[in-house]
Amino acid sequence: MKTMIIAASQRHPSQSRKVADFVEKMILDEQFFDRTDLLDLGEHPLPLWDQGVWGNRPEWESVLKPLRKRVREADAFVMVIPEWNGAATPAIKNFSLFFDEKDTGHKPVLLVSISSEVNGQYPVVDMMSFGRKNNKWIFIPDYVIIRFVHHYLNGGQSTGEQEAFLHDRLRYGLEELRRYASVLRRFRESWTFDERFKYAP
């Protein structure tokens, strides 16, 4: 199985990318998934969504065709999202607009929210409330919040009790993600999308 890891900061370099790199290494070292695909939205920003996406315009297809292939190949997603002004970043919301249930439907997502301060919960609330209507992602029940992110996951072994806790928390979330991915892969193989309900609430 394959997971896509998304560093959802518009900055480059970013703390989101640092965490995404750590998560990718953990996935491969501990064999939660066979393959990974890391997408950094700061290093490779997407154009702002507009309705031209629906018209198969050449300028959009050149951007979306290779990305859609990568997204469709993923069985699961890890989204590393920084908290900006009490919300998920514009980059991850923009990303979510480009895909529908044929690309991402019934695929599990582990949310990893990061903050430079004491907060970090708001991107989780934001994405679970508004980030899945048309694309049909399934956000798994567990999520990870990394507060004061500059102090953690900077490479090497855990440096204290809190860092060790974060390592274990990520392992737990990734194992849960792996199990959801396995079950939902079988579900997708037997599920037929009904176009009548593509945008229905």
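Each stretch of four or more DSSP H residues adds -39500 (n - 2.57); spread over every residue of the chain, this sum gives -13000 deg cm²/dmol at 222 nm. Within the shell of other residues whose beta carbon sits under 11 angstrom from the beta carbon of LEU64, the net charge comes to +2, with Lys and Arg scored +1 and Asp and Glu -1. Taking every DSSP bridge with both residues inside the chain, close to 5 percent are antiparallel. Based on Cα contacts under 8 Å between residues 6+ apart, the stretch 1-92 shows a relative contact order of 47 percent. Ordered by the number of other Cβ atoms lying within 10 Å of each residue's own Cβ, fewest first, HIS150, HIS167 fall into the sequence HIS150, HIS167. Along its principal axes, the stretch 1-129 has C-alpha extents of 43, 35, 28 angstrom, given from the largest down.
Taken one residue at a time, the phi angles of the stretch 7-14 give Karplus couplings (6.51, -1.76, 1.60, θ = phi - 60°) of 8, 9, 8, 8, 8, 8, x, 8 Hz. Gly and Pro are set to x.
Contact order, relative form, for the stretch 64-201: 26 percent (alpha carbon pairs under 8 Å, 6 or more residues apart, mean separation divided by residue count).
Convex hull volume per residue, computed on the Cα atoms of the stretch 49-201, equals 136 Å³. The phi-based Karplus calculation (6.51 cos²θ - 1.76 cosθ + 1.60; θ = phi - 60°) puts the 3J(HN,Hα) values of the stretch 144-152 at 10, 10, 10, 8, 6, 4, 4, 8, 10 Hz, whole numbers, x for Gly and Pro. Backbone geometry of the stretch 50-61 corresponds, through the Karplus equation with coefficients 6.51, -1.76 and 1.60 at θ = phi - 60°, to 3J(HN,Hα) couplings of 8, 5, x, 4, 7, x, 6, 5, x, 5, 7, 4 Hz, x marking Gly and Pro.
Spacing of the modelled spin labels on HIS150 and THR192, each 7 Å from Cα toward Cβ, amounts to 5.6 nm.
Every number here is computed from the coordinates shown, using simple stated rules; none is lab data. Everything numeric in this text was worked out from a predicted model, so none of it was measured. Quick reminder, even Gly has a Cβ in these numbers, built from the backbone with ideal geometry, and neighbours come from all protein chains shown.
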